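Please treat every number below as a calculation from the coordinates, not as lab data. Keep in mind that what you see is a predicted model, and the values were worked out from it rather than measured. Backbone-built Cβ (ideal geometry, glycine too); neighbour counts: all protein chains shown.
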Ligand code: ADP
Ligand code: MG
């Protein structure tokens, strides 16, 4: 890797400011309901403790819009981290300034401190140099381990790296990049990319950027409807972004010109309402009736996708192929996840819901890599820059 990592710096007795991704779900009683993201940061935190650093953590939480919002304080996260570590985690009610400075002065080597939600500060999202400098004042060494936020150039992810004496990648960041980047930059062919999910306009550019890298692109989930309709079929009440239809047709043409195989569903599972217990049936894509909506890929499509995937050597998957949260519409996603577990290929799953779907199917060990980042993993897969990673010190 061309960036410095934790292994390249001496952290003993240093103030080490670590940007983590602790944007975890919290219930009404203030309990963290899924601590996957906290767990993912533990290798870095434990390494720093073992090396006698003073560990100063910072993270964003929710969308407070640049001001203090009481229900978005990081106290529940500090409590959960303390439970996991089995020791005290100091928490300050501000992110920068006197309170954290004084708390840090009192820390001993190996102590852990969490400063308040970075997004309580207006300068965070605007990547304000003043706020970046204030953050850097807390640090002898800055470590970025928030891969999930690495696609955003904010003060705590990118700006601070310019002012901190050292700026290096944490173990999670390093692992994500080292695993995914080579696999998609020089993919072993055939490379098959699967694109699904609901963020249609975002992922149109993904489809475009994958052409030339992947030999075959499989389109499913909510994404597919826009293509199906653009190709002249009715899609009833399906999720659709009408203003993306022209682009969908352009992408179909572009794929043809480039010799990329763009595979759309040939059948779908339709429902008479968006509900787990709705009436449902599998129909060909030219048979979607008014009042029905496509919520999963159909059995013929599953078979077709499985055929294509059987020969793949590299696979990236972003976006579930159906509304997997409802069992009746989880089959396409689950079956394709199973296929990924069976083939002899380098398989990468990125995207918040896609990762959840693979875990829900109990198949997380069957794939090569499940990324902790949605937007960030998409950027790596598309070969686009990752501002927070790029801001770190070169080796
Ligand atoms: P990811 O988080 O993996 O990047 P997205 O955020 O783009 O994926 O989309 C995930 C959501 O897409 C899931 O909640 C799923 O229910 C939804 N989805 C998948 N297929 C369909 C469909 N046919 N119609 C409506 N929503 C769908
Ligand atoms: Mg998502």
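Note on residue 279/residue 128: beta-carbon distance plugged into 1/(1 + (r/R0)^6) with R0 of 56 Å gives a FRET efficiency of 0.55. Label zone (residue 243, point 7 Å along Cα-to-C-beta; backbone nitrogen cut-off 18 Å) within region 195-211: 198-206. The residue 344 and residue 266 beta-carbon pair, evaluated with R₀ = 35 Å, returns a calculated FRET efficiency of approximately 0.85.
How much length is gained if the chain between residue 69 and residue 42 is pulled fully straight, taking 0.36 nm per residue apart and subtracting their Cα-Cα distance, in nm to one decimal?
7.0 nm is the gain from fully extending residue 69 to residue 42.
Can you tell me the 0 to 90 degree angle between the C-alpha axis of helix 200-210 and the longest principal axis of the chain, rounded to 10? The answer is roughly 90 degrees.
Using Cα centres only, tell me the gap between region 143-185 and region 242-309 in whole Å. Between the Cα centre of region 143-185 and that of region 242-309, the gap is 36 Å.
Looking at the square roots a ≥ b ≥ c of the eigenvalues of the Cα gyration tensor of region 12-90, which shape do they give, rounded for a/c under 1.5, prolate if a/b is larger than b/c, or oblate? Taking the square roots of the gyration eigenvalues as a ≥ b ≥ c, region 12-90 is prolate.
Taking only alpha carbon atoms, the chain gives an Rg to Rh ratio of 1.02, where Rh is the Kirkwood radius. Evaluate E = 1/(1 + (r/R0)^6) for residue 307 and residue 29, where r is the Cβ-Cβ distance and R0 equals 30 Å; express this FRET efficiency to the nearest 0.05. Efficiency, from the Cβ-Cβ distance: 0.05.
Of 132, 156, 377, which is the most mobile in a GNM of the chain whose springs link Cα atoms less than 10 angstrom apart? Its mean-square fluctuation being the largest, the pick is 132. Rounded, prolate or oblate: which fits region 187-382, taking a ≥ b ≥ c as square roots of the Cα gyration tensor eigenvalues, rounded meaning a/c under 1.5, else prolate when a/b beats b/c? Oblate shape, in that a/c is at least 1.5 and b/c is the bigger or equal ratio. Label region 6-175 by shape, choosing from rounded, prolate and oblate, from the square roots a ≥ b ≥ c of the eigenvalues of the Cα gyration tensor; if a/c is under 1.5 it is rounded, and otherwise prolate applies when a/b is larger than b/c, oblate when it is not. It is rounded, given that a/c, with a ≥ b ≥ c, falls under 1.5. When peptides 25-34, 158-167, 294-303 are sorted by average Cβ neighbour count within 10 Å, with the highest value leading, the order is 294-303, 158-167, 25-34.
Expressed as a whole percent, how much of the Cα-Cα distance distribution for region 91-214 exceeds 20 Å? Don't skip to the end; give the middle numbers.
Numbers: 4389 of 7626 pairs.
Distances greater than 20 Å cover 58 percent of the Cα pairs.
Roughly how tilted is helix 221-230, in degrees to the nearest 10 and between 0 and 90, from the longest Cα axis of the chain? Helix 221-230 sits at roughly 50 degrees to that axis. Using the average count of surrounding beta-carbon atoms within 10 Å as a protection proxy, the listed peptides 98-109, 55-66, 232-243, 13-24 rank, highest first, as 13-24, 55-66, 232-243, 98-109. Packing-based ranking of 200-212, 263-275 yields 263-275, 200-212, ordered from highest to lowest mean Cβ neighbour count within 10 Å.
Rg ratio for region 293-395: its Cα radius of gyration over 2.2 N^0.38 Å, N being its residue count, equals 1.16.
If you line up the long axis of helix 171-185 against the longest principal axis of the chain, both from Cα atoms, how many degrees apart are they, to the nearest 10? Approximately 30 degrees, to the nearest ten.
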